[in-house]
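Undergrad: For reference, the structure I am asking about is given below.
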Amino acid sequence: MEISRSEQKRRMRQLEQLVDALVALPSQVQAQLPCSEEIISQMQAANTMKGGARKRQIKYLTKQLKGLDTLADLYSLVSQHQGKALAAQKERHLLEQYRNALIDEALEASRQEHGDADWSEQWESETLRKLVVQMPQMDEAALRRLAYLFAQTHNPRHSREIFRVLQAAHTLSKRLQRQSDSDQD
């Protein structure tokens, strides 16, 4: 699925917020970041800058971190030192992306099968398959039905309900993960 330019900009802004939070960390914490020495030194330099120079440096660092695989580690490090607001915002945004992808798929399936009376609540969804793998305890039937209803009626209530189901499944998944981690200890 192709990502819109607006969504690309939102993701870059989100990454920029992460970089801004990383730059604000003390130098000792920055030295422990899972990044190259060059990026760490650039962050430490940005910490002393003011105004436009700081903004340019943050944008530069954002581009450098864009392709890194360690973004989850960086988010957890920031949440340890500055609270969990940034990580919670990222999780909410991820759930919104899943909801939007699911709705887009349902709308596309509805358009393709518009003349066909066979289109029902049992339509195929790649997004749902991915979500079931990530969150096995998710109510797949409810999400499929809500997306179907949204495609039929365009009622925003169904969109909000999809988000609630995703949020509940994500919360349960995190809780089960914490339990399994504590059981292993």
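Undergrad: Please state which one of Ala72, Ala168, Ala106 is touching a helix residue (DSSP H, G or I) at 6+ places or on another chain (Cβ under 8 Å) and either assigned by TED's automatic domain parsing to the domain that holds Ser36 or surrounded by 14 or more Cβ atoms within 10 Å (Cβ to Cβ) (or both).
TA: Answer to the selection: Ala106.
Undergrad: I would also like to ask the following. Out of all the residues in segment 1-37, which are acidic (Asp, Glu) and without any contact (Cβ under 8 Å) to a residue 12 or more places away in the chain?
TA: Within segment 1-37, Glu2, Glu37 qualify.
Undergrad: Output yes when any residue across segment 110-122 is crowded, with 16+ Cβ neighbours inside 10 Å, at pLDDT 85 or above, closer than 15 Å to His154 by Cα and more than 19 Å from the chain's Cα centre (by Cα), and no when none is. First the steps, then the outcome.
TA: Here is the first cut: in segment 110-122, the residues crowded, with 16+ Cβ neighbours inside 10 Å are 110, 119.
Next, only the ones that are at pLDDT 85 or above stay: none.
So far as segment 110-122 goes, no, none of its residues is crowded, with 16+ Cβ neighbours inside 10 Å, at pLDDT 85 or above, closer than 15 Å to His154 by Cα and more than 19 Å from the chain's Cα centre (by Cα).
Undergrad: Looking at (1) assigned to a helix (DSSP H, G or I); (2) not assigned by TED's automatic domain parsing to the domain that holds Ser159, which is the only condition Leu33 fails?
TA: So Leu33 meets the others, but not (1).
Undergrad: Does Arg56 meet the test of being exposed (fewer than 13 other Cβ atoms within 10 Å of the Cβ), under 30 Å from Pro156 (Cβ atoms) and not assigned by TED's automatic domain parsing to the domain that holds Asp139? Talk me through it step by step, then tell me what you get.
TA: Numbers: exposed (fewer than 13 other Cβ atoms within 10 Å of the Cβ): yes; under 30 Å from Pro156 (Cβ atoms): no; not assigned by TED's automatic domain parsing to the domain that holds Asp139: yes.
No.
Undergrad: From the list Ile40, Ile103, which residue is of a type in the set (Val, Ile, Thr) and more than 30 Å from Val165 (Cα to Cα)?
TA: Ile40
Undergrad: Looking at segment 15-37 only, could you name the residues that are buried (at least 17 other Cβ atoms within 10 Å of the Cβ) and acidic (Asp, Glu)?
TA: Hits for segment 15-37 are Glu16, Asp20.
Undergrad: Would you say Glu96 is of a type outside the set (S, T, N, Q) and over 26 Å from Leu22 (Cβ atoms)?
TA: Values: of a type outside the set (S, T, N, Q): yes; over 26 Å from Leu22 (Cβ atoms): no.
No, not satisfied.
Undergrad: Need the failing condition index for Ile40 against (1) at pLDDT below 90; (2) under 23 Å from Lys84 (Cβ atoms); (3) buried (at least 16 other Cβ atoms within 10 Å of the Cβ), just the number.
TA: Tallying (1) at pLDDT below 90; (2) under 23 Å from Lys84 (Cβ atoms); (3) buried (at least 16 other Cβ atoms within 10 Å of the Cβ), Ile40 fails exactly one: (2).
The values are calculated or read from the model by the stated rules, or taken from the named source; none is laboratory data. Source: prediction; values computed, not measured. With ideal geometry, Cβ positions are generated from the backbone for all residues, glycine too; neighbour counts draw on all protein chains shown.
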